[in-house]
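Notes follow once the structure below has been shown.
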Amino acid sequence: MKETPLSNCERRFLLRAIEEKKRLDGRQTYDYRNIKISFGTDYGCCIVELGKTRVLGQVSCELVSPKLNRATEGILFFNLELSQMAAPAFEPGRQSDLLVKLNRLLERCLRNSKCIDTESLCVVAGEKVWQIRVDLHLLNHDGNIIDAASIAAIVALCHFRRPDVSVQGDEVTLYTPEERDPVPLSIHHMPICVSFAFFQQGTYLLVDPNEREERVMDGLLVIAMNKHREICTIQSSGGIMLLKDQVLRCSKIAGVKVLEITELIQKALENDRKVRKEGGKYGFAESIASQRITAFKMEKAPIDTSDVEEKAEEIIAEAEPPLEVVSNPVLWTPGTAQIGEGVENSWGDLEDSEKEEEDEDGTDEAIILDSIKMDTGVEVSNIGSQDAPIVLSDSEEEEMIILEPDKNPKKIRTQTISAKQEAPSKKPVRKRKKKRAAN
């Protein structure tokens, strides 16, 4: 997934804010973001947060054969990984130009500066030496990866403890932490990288640029220095021309920042050492704020359960009694009952098309009955009678009996001879009845 480019409005806004010596997060020009260091349960594991940029550092070791040209020196290996979890623009399984540049800069900062005594890592000259591997994983990307990675690497190395060994003749014995206390690494100094971003061909300068400021910068200057103001490495990128005064100015700023960061690292290491010695709780879970929803622990609030019954009785006494609700049975048809307001039985209901035909038949039969009643004066059975069967009789054709579930049948019964006189007018009605019965 490609990185979303900044719009022209955002770019102009950022550059104009930098010209006015303002930053999006409210920092001043030479201010660093807040640095937080937390340690894991194992030695050599730490997380460094530089603002919203988070880097996980893990140090491991193993006994290997030394290099041929350096038989009495241990091996240092650094590896930085940029995963898609940190930013969608990072492609997994592929080394980008940024990743190659960062790994080379870390090696020059930590290995070439001789911050670790590699000769102390030798167990048997020419046969067994310690290989120290530093793995750095970028957890979240919000700019200035190299500074956060360099801090995480040196903190993990200072916190790491290797197993103790003993050599008797050709036999090398490796002791567990329960048998012998692990041995810390021999570290001479702590080099730390400080990044400077330049804008408009070096006219404006910012310390610790964030992710948006890195997109609009013209060049980047990285200075690796220790607290003794010794420059371990320096690198300029972006293709801008810097004056000697600008580089000296940046080196002075870097000396102040490195001294502050070194003191912070030493305090964090001392606090972790005290907690482990006193047997207190330590690890990443303890570093999470207890009030967050993602915390593994929550502060317990004291609860007084001495007068629970009295309070419950008071609450019940003050509460209003519930209303008495009695369901009345609703009788819809003789012989059946329903609790509550149920739905009327819909068995045998006619569809809309059948209802229309039924209405038309009913009107025709009503007209015929009126004419028969006027001519002969014969009484006709009630329409709503439910006891008598519904019979349509005709002497010329066979009798047909139609039973309908409706409680108000529209069929009628005539028993007069005069109905035969009206046969021509009743024929279309019989045809409709026969068709509907067939359907």
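Any residue in segment 152-171 that is more than 18 Å from Arg273 (Cβ to Cβ) sitting within a Cβ distance under 8 Å of a residue that is assigned to a helix (DSSP H, G or I) and of a type outside the set (Asp, Glu)? List the pairs, counting only those 6 or more apart or interchain. Note: pairs meeting the criteria are Ala153/Leu106; Ala153/Leu110. Scanning segment 44-75 for residues that are assigned to a loop (DSSP other than H, G, I, E, B) and more than 30 Å from Asp31 (Cα to Cα) yields Ser65, Pro66, Lys67, Leu68, Asn69, Arg70, Ala71, Thr72, Glu73, Gly74.
One residue stands out among those in segment 139-166 that are open to solvent by 30 Å² or more (accessible area, probe 1.4 Å) and of a type in the set (Asp, Glu): the one that is farthest from Val129 (Cα to Cα), which is Asp142. When segment 5-33 is filtered for residues that are open to solvent by 50 Å² or more (accessible area, probe 1.4 Å), small (Gly, Ala, Ser) and under 29 Å from Ile151 (Cβ atoms), only Gly26 remains.
Here is a yes/no grid of residues against (1) over 24 Å from Glu10 (Cβ atoms); (2) exposed (fewer than 15 other Cβ atoms within 10 Å of the Cβ):
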site	(1), (2)
Gln168	yes, yes
Pro177	yes, yes
Met190	yes, no
Ala197	no, no
Gln201	no, yes
Ala224	yes, no
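Of all the residues in segment 227-247, those that are without any contact (Cβ under 8 Å) to a residue 60 or more places away in the chain and either open to solvent by less than 50 Å² (accessible area, probe 1.4 Å) or over 43 Å from the mean Cα position of the chain (by Cα) (or both) number 11.
Here Leu99, Leu139 are screened, and the one residue that is under 21 Å from Ser60 (Cβ atoms), hydrophobic (A, V, I, L, M, F, W, C) and not in a strand (DSSP E or B) is Leu99. Scanning segment 219-255 for residues that are part of a helix (DSSP H, G or I) and in contact with a strand residue (DSSP E or B) (Cβ under 7 Å, 6 or more places away or on another chain) turns up Cys250, Ser251, Ile253, Ala254, Gly255. Tell me which residues, restricted to segment 252-278, are open to solvent by less than 70 Å² (accessible area, probe 1.4 Å) and in contact (Cβ under 8 Å) with a residue 12 or more places away in the chain. Residues satisfying the conditions are Ile253, Ala254, Gly255, Lys257, Val258, Ile261, Thr262, Leu264, Ile265, Ala268, Leu269, Asp272.
Condition (residue is outside any loop (DSSP other than H, G, I, E, B), of a type outside the set (Lys, Arg) and closer than 17 Å to Asp135 by Cα) applied to segment 6-19: is it met by at least one residue? No, because not a single residue in segment 6-19 is outside any loop (DSSP other than H, G, I, E, B), of a type outside the set (Lys, Arg) and closer than 17 Å to Asp135 by Cα.
The values are calculated or read from the model by the stated rules, or taken from the named source; none is laboratory data. Because the structure is a prediction, the values reported are computed rather than measured. Glycine also receives a Cβ, built like all others from the backbone with ideal geometry; neighbour counts cover every protein chain displayed. The protein model used for the area step is the full one, side chains on, heavy atoms only, and it has no ligands, DNA or RNA in it. Shrake-Rupley method; radii C 1.70, N 1.55, O 1.52, S 1.80 Å.
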